[in-house]
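For reference, the structure is listed below as structure tokens.
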Amino acid sequence: MDIEKFLKSILQQHLQLGDEVNSYTKETPLLGALPELDSMGVVNIITAIEENLGCVIEDDEISAESFETFGSLMDFVESKI
């Protein structure tokens, strides 16, 4: 699975970010930098990850650090595969 492509698709669909997502790198800041990534945005992203990967993400696994950058979110998703 191409985690980068998977996450970009989820961010586009669930945060309505459009094509700007295609320019994201591992260093691209997310939490605090994207107004769309508020508490409901985080819940939507987590739900989409769970549904698409068939996994369960426990509340204690979720941290601000996981959503800090695009790279940290990729690492988090990779840990769930």
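Couple of notes before you dig in:
- Additional length obtainable on full extension of the chain from GLU68 to ASP19, 0.36 nm per residue less Cα span: 15.6 nm
- Treating each Cα of the stretch 1-42 as an identical point scatterer and summing with the Debye formula, the log10 of I(q)/I(0) at q = 0.15, 0.23, 0.24 Å⁻¹ comes to -0.33, -0.79, -0.86.
- q = 0.14 Å⁻¹: log10 I(q)/I(0) that the Debye formula gives for the chain, counting C-alpha atoms only: -0.39
- Calculated accessible area for the chain comes out at 58 Å² per residue, all protein chains present (probe 1.4 Å; ligands, DNA, RNA ignored).
The values are calculated or read from the model by the stated rules, or taken from the named source; none is laboratory data. Only a predicted model underlies this, so the values are computations on that prediction, with no experimental measurement involved. Only protein heavy atoms, including side chains, enter the accessible area calculation; ligands, DNA and RNA are left aside. Shrake-Rupley method; radii C 1.70, N 1.55, O 1.52, S 1.80 Å.
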